[in-house]
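A short write-up of the structure that comes next.
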Ligand code: SER
């Protein structure tokens with residue numbers, strides 16, 4: 001069965017069991033401070049488990065794109081070396097939100113695997129939770145009994161907390177789980193060694209395939225478990241492993257999910273897959289990482305130097321480096337694999353297909369830049385090993401290895417590999433110490449410690465009223481204390497709030513929470529999953545009091561202007577540049593907007609102006625806001641709404657329409673476009689391969705910008721009072737300036753020539769040498785050097801001492817014939833340092849030429865005399 005059919009069968013099976021099939025949530029997360037990437041199918045349902053939100057459907061199934069490269073679930077180092085771990089993988093899952101529990105979850109899993117897919121029941125082992133004294137939890141007898149209906153008791157094994165109690169992270173929903181393991185060894189192997197002993201032992205053919213989690217607790221930050229109001233089911237099946245079992249393979253990479261990419265790699269590198277362990281590992285690494293990177297880019301996460309972007313960059317570099325070292329790719333190669341990947345996965349994940357061009361371009365640029373760093377790194381490493389060889393060392397310091405790693409992105413194993421070829425090694429302990437120091441530095445930077453929520457209104461609903469109103473009555477539903485960057489804050493959740501929480505690029509509202517004479521500033525509003533969290537400097541004196549929550553309207557109105565202007569501009573860009581323009585990032589603030597979008601060349605001045613004119617035209621049309629608050633997704637599409645890949649939308653969406661601009665958007669907008677006033681683009685630039693950025697502003701900020709420009713223009717015009725054509729006046733002035741500069745330059749050269757002649761003529765003979773000193777008239781201290789070298793070229797064996805006063809400062813120069821330094825040990829640097837004391841300054845240079853500057857021009861003659869004396873002393 002092909003992977004496409006296997007996926008289809010799964011979704012079909014659970015649809016038949018009454019499940020709603022939902023799309024995968026984005027892999028890159030934007031509004032969960034505890035997670036950067038989706039690492040399990042259940043992430044998008046966290047609020048349903050915790051009971052902070054009600055699910056529309058209580059039975060749901062999907063395939064979820066996951067990435068396990070950071071935090072609690074991190075498989076990165078294994079990937080490629082074994083045959084069944086991945087960075088990005090698909091997790092097939094079925095969920096019950098307070099609906100069915102263990103009995104159905106177990107029975108359906110068994111029916112799907114052995115009935116629908118027809119896998120051999122004897123290949124499976126089951127694990128159940130054996131209990132944990134520390135957490136006060138008993139053995140999961142219920143699951144064991146349920147499994148006994150399908151599986152003989154000797155294939156039901158017990159596992160401890162590590163394997164059979166699933167937790168999403170350090171805090172959050174969790175519960176005991178029951179895993180299904182499959183034994184894919186040959187019949188003969190299975191007969192000779194029982195699989196039971198190989199379960200959870202890292203055997204590549206006896207692997208976990210499906211995890212059924214029975215979510216019933218919330219792990220608090222103090223480590224305690226709290227019962228959840230309802231019981232839920234969260235199952236996750238490794239799709240790639242299921243394909244391996246179904247296709248009779250012994251490695252995920254031998255399935256039709258990976259083989260097309262691997263075969264292309266084999267072709268391009270000229271090394272067949274299976275030829276050597278090293279090149280096989282490299283091909284698996286590349287085939288795996290290509291998926292992680294491409295899906296991230298499709299979700300809007302570009303490789304970059306921080307946070308999620310940096311994680312992606314590192315994954316990409318790991319792949320490039322394996323290709324470079326083991327497959328002989330010294331030039332960018334991964335980007336050429338993108339079309340192959342799109343062929344395999346584009347049907348299920350259309351975001352790959354629509355962004356294929358962009359993904360390829362971004363990967364190519366990243367590859368090229370890393371390959372050139374690799375070159376630099378290799379050269380640096382060569383120098384370091386050469387130095388070590390001269391010093392007869394065979395160990396490279398951990399500090400050096402760390403600099404290579406940190407500054408040049410040069411992985412430790414590559415450093416070690418190259419060193420091994422030269423019979424050298426790295427001081428690993430020192431490297432680790434450096435690494436730990438850096439980790440704790442960045443941890444301190446990012447640190448945010450959140451206490452547990454104190455709930456004042458249990459199960460309290462949260463209502464957002466900010467689309468219609470900027471004030472509302474409110475009560476605090478829950479609060480907690482948070483320390484971020486060493487400052488203390490309080491997070492509040494209100495039962496009703498007009499405060500818009502930062503999302504979709506629009507910054508969070510600010511304002512106040514008032515009760516009587518107690519006014520608490522709301523510094524920011526953020527989203528945590530779907531909770532609206534108000535960030536305050538302190539807790540109100542009486543948290544249980546009734547409050548009035550008031551948004552600062554001046555900020556909100558300007559923000560709305562900029563948000564609506566962003567939509568209009570998005571529309572205009574697609575109109576003028578083409579429909580390949582897609583939003584890649586956006587920031588909407590009171591003072592302006594920033595919009596990143598896919599487009600492959602710099603916009604011309606003409607295009608920028610066209611976009612401005614189009615937006616201003618739409619503003620003047622004074623289109624009213626047409627808002628559809630809860631529209632079904634397909635209706636929204638019919639209206640022509642641009643669905644943005646990488647944004648998480650529920651089944652019902654909000655559509656914002658102004659004239660022809662139609663977008664899915666949760667943000668706040670103007671009543672009618674006329675309110676925006678003037679729209680002005682301030683800058684257009686490139687931020688990554690194929691991604692441009694526009695910064696623009698509106699309303700009074702745009703007017704202020706225009707007035708600023710007009711003021712400068714007027715000031716310039718004032719300087720040319722009688723000229724009508726200002727541009728011509730400036731051009732004439734520049735031409736005049738160029739002519740005069742040339743003339744001045746000529747005079748200066750002439751003066752220098754005269755000074756040089758005077759100095760040569762005035763030289764005093766001192767044995768075989770001669771010495772000349774003089775004060776010269778110059779405009780710029782650098783001319784001292786020109787003059788000195790001019791004299792030097794005219795007269796051999798001449799020691800020269802120059803002094804000049806430029807703009808109230810004293811300048812000195814000493815030039816010695818090189819032989820004088822060699823034969824008599826005279827050093828211009830030493831002389832100038834000594835003499836510069838007279839001008840209250842300092843300086844230095846080389847043994848044969850040095851300069852100094854000082855703040856006391858009155859001491860110039862004395863300084864020159866001192867320098868001359870020091871030279872003369874040695875010459876006579
Ligand atoms: N949450 C569980 C896992 O990720 C099952 O979906 O393994």
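Figures for the structure shown
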item: Residue in the stretch 553-563 that is modelled with pLDDT of 95 or more, over 27 Å from residue 298 (Cβ atoms), assigned to a loop (DSSP other than H, G, I, E, B) and out of contact with any helix residue (DSSP H, G or I) (no Cβ under 6 Å at 6 or more places or on another chain) present; result: no
item: Among residues of the stretch 58-74, those that are closer than 18 Å to residue 170 by Cβ, part of a loop (DSSP other than H, G, I, E, B) and at pLDDT 75 or above, counted; result: 1
item: Filter result for residue 617 (at pLDDT 85 or above and farther than 19 Å from residue 572 by Cα); result: no
item: Tabulated pairs, the stretch 150-175, first closer than 17 Å to residue 123 by Cβ and in contact (Cβ under 8 Å) with a residue 24 or more places away in the chain, second in a loop (DSSP other than H, G, I, E, B) and within 11 Å of the ligand (Cβ to nearest atom), C-beta under 8 angstrom, 6+ apart or interchain; result: none
item: Count - residues of the stretch 501-539 that are within 25 Å of the chain's Cα centre (by Cα) and not in a strand (DSSP E or B); result: 9
item: Near pairs, Cβ below 7 angstrom, 6+ apart or cross-chain, from the stretch 210-234 (over 27 Å from residue 181 (Cα atoms) and in contact (Cβ under 8 Å) with a residue 24 or more places away in the chain) to any residue that is in a strand (DSSP E or B) and more than 15 Å from the ligand (Cβ to nearest atom); result: 220/226; 221/450
item: Lone unmet requirement of (1) within 16 Å of the ligand (Cβ to nearest atom); (2) out of contact with any helix residue (DSSP H, G or I) (no Cβ under 8 Å at 6 or more places or on another chain) for residue 210; result: (2)
item: Selection count, the stretch 58-95, where residues are touching a helix residue (DSSP H, G or I) at 6+ places or on another chain (Cβ under 6 Å), within 11 Å of the ligand (Cβ to nearest atom) and either farther than 16 Å from residue 108 by Cβ or without any contact (Cβ under 8 Å) to a residue 40 or more places away in the chain (or both); result: 3
item: Hits in the stretch 255-273 (condition: closer than 17 Å to residue 6 by Cα, surrounded by fewer than 19 Cβ atoms within 10 Å (Cβ to Cβ) and touching a helix residue (DSSP H, G or I) at 6+ places or on another chain (Cβ under 7 Å)); result: 256
item: Residue ID - farthest from the ligand (Cβ to nearest atom), chosen from residues in the stretch 235-248 that are touching a residue at least 40 places away in the same chain (Cβ under 8 Å) and not in a helix (DSSP H, G or I); result: 247
item: From the options 489, 479, residue that is in a strand (DSSP E or B), within 28 Å of the chain's Cα centre (by Cα) and touching a residue at least 40 places away in the same chain (Cβ under 8 Å); result: 489
item: Residue match in the stretch 300-311 (condition: part of a helix (DSSP H, G or I) and in contact with a helix residue (DSSP H, G or I) (Cβ under 7 Å, 6 or more places away or on another chain)); result: no
item: Selected residue (only one of 115, 134 is assigned to a loop (DSSP other than H, G, I, E, B), away from the ligand (no atom under 12 Å from the Cβ) and either more than 15 Å from residue 177 (Cβ to Cβ) or at pLDDT 95 or above (or both)); result: 134
item: Residue match in the stretch 18-36 (condition: within 14 Å of the ligand (Cβ to nearest atom), part of a strand (DSSP E or B), at pLDDT below 95 and within 18 Å of residue 290 (Cβ to Cβ)); result: no
item: Qualifying residue in the stretch 274-292 (condition: more than 16 Å from the ligand (Cβ to nearest atom), part of a loop (DSSP other than H, G, I, E, B) and buried (at least 22 other Cβ atoms within 10 Å of the Cβ)); result: no
item: Flag if residue 822 is over 25 Å from residue 855 (Cβ atoms) and surrounded by fewer than 23 Cβ atoms within 10 Å (Cβ to Cβ); result: yes
item: Any hit, the stretch 219-230, residues being within 16 Å of the ligand (Cβ to nearest atom), closer than 30 Å to residue 50 by Cβ, under 33 Å from the mean Cα position of the chain (by Cα) and at pLDDT below 95; result: yes
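This table checks each residue for (1) within 57 Å of the chain's Cα centre (by Cα); (2) farther than 20 Å from residue 777 by Cα.
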position: 796; (1), (2): no, yes
position: 800; (1), (2): no, no
position: 807; (1), (2): yes, no
position: 822; (1), (2): yes, yes
position: 833; (1), (2): yes, yes
position: 843; (1), (2): yes, yes
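The values are calculated or read from the model by the stated rules, or taken from the named source; none is laboratory data. From a predicted model like this one, the values you see are computed outputs, not experimental measurements. No Cβ is skipped: glycine too gets one built from the backbone with ideal geometry, and neighbour counts run over all protein chains shown.
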